[in-house]
Each structure stands twice: as C-alpha cells, then as structure tokens.
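Below: the structure, in structure tokens.
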Amino acid sequence: MDTKKEVSLMTREQHTDGSQEPKKTQDPGTDNPPGGTEQDDQKNSLVQKIQELGQTNVADMENSNIHCITVVGQIEGHMQLPPQNKTTKYEHIIPQLVAVEQNPKIKGLMLVLNTVGGDVEAGLAIAEMVASMSKPTTTLVLGGGHSIGVPIAVAADYSHIAETATMTIHPIRLNGLVIGVPQTFEYLEKMQERVINFVTRHSDIPEETFKDLMFAKGNLTRDIGTNVIGEDAVKHGLIDAVGGIGAALSRLNEMMEESEGDMLQ
C-alpha cells in the first residue's frame, strides 16, 4: 500500500477515536458566569479605590468596632448642587447612622467634619440623628465646621476640634426667591431659634454668649457673625476639647468601655 494512503487512514482512525483526539485549549473566561471573572472584579475594585481614595492600598476597617463618617464640603439638602461642588448628601448619611445603631458589631461612632455648612434642615436632621443614638459618639472638627456644621459638631457625646480648625457662627440666611412679607421673617426667626436651642442644649455654651457670637459685627469682613478658632471654641463652651484623631479615638474607646461596663452591671 502506498505510504501516503497509510498515513491518511491512520489519521482518520485517530480522529474517530475520542480518546486520541487532541484537546483544544479553551478561553479561560468562557466557563465563567456572565458577570465576569474574579480578576475583572479585582481590577474594578482597584480602579474604584483609586477614583475614590487616590490610592490602591487602604487600611482594613472591616474588623473595627468603630464606624467613621465624614461630613465634608457642602451639606446638600432637597436641592441638588452643581456637579463641581464637593457635597455631603443627607440621604447618604442617615442610612449609615441607622445601620450603625442596628449593627451589634459596631460599638461607637466617629464623625469627622470639614464642612462649609449648607442646607439648614438637612444639617439639623443629621445632628438630631447623631444626638439620639444610644451608642457612644464623638465628633472631630478638622479644617472647618462652619454654619450648620456647628450643630452637627456638638451633637455627639463628646467633641474635639483641631488647634487650627475654625467654626463660623452666623445668622440664618435665605437665597433665591424671597417673598417680602412678615411671615417670611417670622419663619427665619423660628428656624434660627431651632438652631440656637439645639446648640445650647448639646454644648456648654450659654444662649446669650452664642447669640452674641452669632450677631457680632466687624468680625467677618462681609458678613455678620464670628469665626472661632480651636481653643476659642473650647473657652466658649462650644466644643469639649482641643485635639486630633488620636485624642478623639482615645476618648471614644473610653466611652465604649464605660458603656459596656454599664450594660454588664
């Protein structure tokens, strides 16, 4: 028999036998579910960390019994602010506070503030949520805790302010269309009283002192009010102590230990 015919017959027999059929290499992604591979998930997570935090490696907080919430930029209320504004949305903060209250693994809450203020009712809503929590809470003012950030800063069980941080205390203001009737000014006055009452109830500052700071003239170049810095906020009784992240965490751990001791008793 011709040699070429023998090779052809052998090749056909090998192909008809499944055991001798050479296995084809498969694409590693074909057997995976439509959601993508594990490597794709890792890449997406890495990109998300870079976009949100500016770095790839961050400290793991999953095993911590303290939850930290940041209030930065402008506090956004019912009206959406322009996209270039750095904002804190109250509809993002409030569910976190509810989760902290319900989660048995979390024993304490820390709020870090660097805010210019913003929507009055949204700020008061966050402050009331913090003040009504059953777990130990602490706040730390870094950079600034201005305007409606003041009630949030004093809402916790204990508050700290950095030595160089500032807090601007000024009257309530309206922007946009304002109806020039007496009821508008009465509404402003009632809203202002809500802020004053909350701050004086949750801090050691006397009401008269707070009003004097709020309506002072000449301290702010283009506004009525006062800018208090670090130690001055403590002297007025607005903030409990001057300190940074170490002091705030130390105090929160102490309150958590006291709370656990009370529960055991």
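A few notes on this one:
- Each residue was assigned an accessible area with a 1.4 Å probe, and for R173 the value is about 140 Å².
- Exposure of F185 as accessible area (Å², to 10), given a probe of 1.4 Å and all protein chains: 130 Å²
- Per the Kirkwood formula applied to alpha carbons, the range 58-180 shows a radius of gyration over Rh ratio, Rg over Rh, of 0.99.
- Taking 0.36 nm per residue of separation and subtracting the current Cα-Cα distance, fully stretching the chain between L220 and K89 would add 44.4 nm.
- Convex hull of Cα atoms in the range 167-265, direction-averaged projection (nm²): 9.5 nm²
- Each label point was placed 7 Å from the Cα along the Cα-to-Cβ direction; for T164 and I106 their separation is 3.1 nm.
- Debye log10 I(q)/I(0) for the range 138-180, one point scatterer per Cα, at q = 0.17 Å⁻¹: -0.52
- Across the range 239-256, rounded Karplus estimates of 3J(HN,Hα) from the backbone phi angles (6.51 cos²θ - 1.76 cosθ + 1.60, θ = phi - 60°) give 10, 6, 7, 8, x, x, 5, x, 5, 5, 5, 4, 5, 5, 5, 4, 5, 5 Hz, Gly and Pro being marked x.
- When you restrict to C-alpha pairs under 8 Å that are six or more residues apart and normalise by the size of the range 74-119, the relative contact order lands at 54 percent.
- If you sort the three axes of the alpha carbon gyration tensor as a ≥ b ≥ c, you get a/c of 1.5 or more for the range 81-136 and a/b above b/c, which makes it prolate.
- Each residue of the range 185-196 was assigned a 3J(HN,Hα) from its phi angle through the Karplus curve 6.51 cos²θ - 1.76 cosθ + 1.60 (θ = phi - 60°); the sequence is 6, 5, 4, 4, 5, 5, 5, 5, 5, 4, 5, 4 Hz, with glycine and proline shown as x.
- Nearest-10 value in Å² for the accessible area of D240, using the 1.4 Å probe: 60 Å²
- Alpha carbon centroid spacing (whole Å) that separates the range 99-114 from the range 179-245: 27 Å
- Orientation-averaged projected area, Cα convex hull of the range 193-247 (nm²): 4.4 nm²
- Residue-count net charge about I229 - beta-carbon cut-off 13 Å; Lys, Arg +1, Asp, Glu -1: -2
- Residue ranking by accessible heavy-atom surface, 1.4 Å probe, largest first, among T221, T164, T88, T70 comes out as T221, T164, T70, T88.
The values are calculated or read from the model by the stated rules, or taken from the named source; none is laboratory data. Bear in mind that the values here come from a model prediction, so they are computed numbers and not experimental data. Here Cβ is always computed from backbone atoms with ideal geometry, including for glycine, and neighbour counts include all displayed protein chains. Just the protein is used for accessible areas: all its heavy atoms, side chains included, with ligands, DNA and RNA removed. Shrake-Rupley method; radii C 1.70, N 1.55, O 1.52, S 1.80 Å.
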